[in-house]
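The values are calculated or read from the model by the stated rules, or taken from the named source; none is laboratory data. Only a predicted model underlies this, so the values are computations on that prediction, with no experimental measurement involved. Cβ coordinates were reconstructed from backbone atoms using ideal geometry, including for glycine residues, and neighbour counts include every protein chain displayed.
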Amino acid sequence: MKPLQGLTVLDFSQFLSGPSASLRLADLGADVIKVERPDGGDLCRRLYISNLELDGDSTLFHSINRNKMSFSANLKDPEDLARVERLIRSADVMIQNFRPGVMEKLGLHYEAVKAINPRIVYGEITGYGKTGPWKDKPGQDLLVQSLSGLAWLSGDREQGPVPMGLAVADMFAGAHLVQGILACLVRRGITGEGGLVEVSLMESLLDFQFEVLTTHLNDGGQEPQRSGINSAHAYLAAPYGIYKTSDGYLAIAMMPVTRIGELLGCEPLTAYTDPKSWFTHRDEIKGLLAEHLTARTTDYWLGILEPADIWCADVLTWSRLLKHEAFRSLSMTQEVTRLGGSRLQTTRCPIRVDGQLLLSSVGSPKIGEHNDEILRKIEQAI
């Protein structure tokens, strides 16, 4: 039995942040019902990150909405809204990620929902919170990354701001929402009361930067200083970074520069005996190391560094990673199947419970696929 089996989640959210939260709840055993518009459904169905499409929907939609049911409803139609309110009466969790004010207009904001079901845990995600001058800005991942300062932490100094190549604001906000929802469910088990869980993309990215932002708050407000060569962390000393070899790349983490020099036969590095110099002469040291490492293959250097317990790694492409025994041993992929037989290879939930993988072969739903089934269950419960 999965931990959340028996719980019902109503997911009104779209795109990535909210659906990523409900995906994790579904992985943990909850019955997740996507409440979608009849005319097009979740906008993520048409949000493409490549030219790939499966059975009329984007692969992005399939990957983030597997193992869910779909209930189509026009929330502006009184009859459909009444059906949704009946769903709310029997739900344990409700999730939405609309801009501030939208759910108030529909009469489905927290106070209204709480009046229908006092035990419900209501989770909402906004872009920048519900107050302040940014509250009505579009909560889009790249925009939030740009406003949060995150883009000044990646890349080399001369590159200008570099965003992360993933929707990190969405994913972290979704994860934070799950944490808050689970905490409220635990409280409900003790006190019987539901609750409101609020997160924003901006606050999630600020929390994501807690280590370096704390440094900034306590070092007199100095801006991050990225390395000019092979930068991998604006606040870490040499040799931290990724280096080109004769046939690939080599990642080296926080290690004594002199020890690296001795092991690799790079004599100029042995002169930097003062650890402070690894910060003050960071680019100089990394330049020497970068030039030295191009002489041999990645495997050659790994053969020297790994036996000496130096923190280093090959830099794999996805094609090489997927062929590696270490990846295969994790059983990190699964196949899901949609109504009609469409199949998709995707990732699984990364959590194990009692030593068991949390797997499900159920693919993403079609719009309104489960309306009859859900309404029948409501009628039987009355």
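Table for the structure above
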item: Any hit, the range 15-22, residues being surrounded by 21 or more Cβ atoms within 10 Å (Cβ to Cβ), assigned by TED's automatic domain parsing to the domain that holds Pro350, among the hydroxyl-bearing types (Ser, Thr, Tyr) and in a loop (DSSP other than H, G, I, E, B); result: no
item: Per-region count, the range 58-116, residues outside any loop (DSSP other than H, G, I, E, B) and basic (Lys, Arg); result: 5
item: Among the residues listed as Ser146, Ser154, the single one being touching a residue at least 40 places away in the same chain (Cβ under 8 Å) and either of a type outside the set (S, T, N, Q) or out of contact with any Ser or Thr (no Cβ under 7 Å at 6 or more places or on another chain) (or both); result: Ser154
item: Cross-chain or 6+ apart pairs with Cβ under 6 Å, the range 173-190 first and closer than 18 Å to Glu203 by Cβ and without any contact (Cβ under 8 Å) to a residue 60 or more places away in the chain, then β-branched (Val, Ile, Thr) and not in a helix (DSSP H, G or I); result: His176/Val199; Gly180/Val197
item: Positions within the range 240-258 being more than 16 Å from Ala308 (Cα to Cα) and β-branched (Val, Ile, Thr), in sequence order; result: Ile242, Thr245
item: Residues satisfying the stated conditions in the range 117-142, i.e. within 22 Å of Lys34 (Cβ to Cβ), among the small types (Gly, Ala, Ser) and part of a loop (DSSP other than H, G, I, E, B); result: Gly127, Gly139
item: Residue match in the range 313-329 (condition: touching a His at 6+ places or on another chain (Cβ under 9 Å), at pLDDT 95 or above and either among the acidic types (Asp, Glu) or not assigned by TED's automatic domain parsing to the domain that holds Asp27 (or both)); result: yes
item: Where a residue in the range 75-90 is assigned by TED's automatic domain parsing to the domain that holds Arg376 and under 14 Å from Asn371 (Cα atoms) and its partner, wherever it lies, is of a type in the set (Gly, Ala, Ser) and surrounded by 17 or more Cβ atoms within 10 Å (Cβ to Cβ), with Cβ under 6 Å and at least six apart; result: Asp80/Ala73; Val84/Ala73
item: Counted residues, the range 30-64 - those being small (Gly, Ala, Ser), touching a residue at least 60 places away in the same chain (Cβ under 8 Å) and surrounded by 14 or more Cβ atoms within 10 Å (Cβ to Cβ); result: 3
item: Set Ile116, Ile125, Ile64, Ile88: member being of a type outside the set (S, T, N, Q) and closer than 30 Å to Arg343 by Cα; result: Ile64
item: Flag for Arg99 being assigned by TED's automatic domain parsing to the domain that holds Val144, farther than 23 Å from Ala183 by Cβ and touching a helix residue (DSSP H, G or I) at 6+ places or on another chain (Cβ under 7 Å); result: no
item: Within the range 200-253, considering residues that are touching a residue at least 60 places away in the same chain (Cβ under 8 Å) and of a type in the set (Ser, Thr, Tyr), the one farthest from Gly180 (Cα to Cα); result: Tyr249
item: Output for the range 268-314, where each listed residue is touching a residue at least 40 places away in the same chain (Cβ under 8 Å), of a type in the set (Val, Ile, Thr) and either crowded, with 17+ Cβ neighbours inside 10 Å or over 25 Å from Gly155 (Cα atoms) (or both); result: Ile285, Thr298, Ile304, Ile310
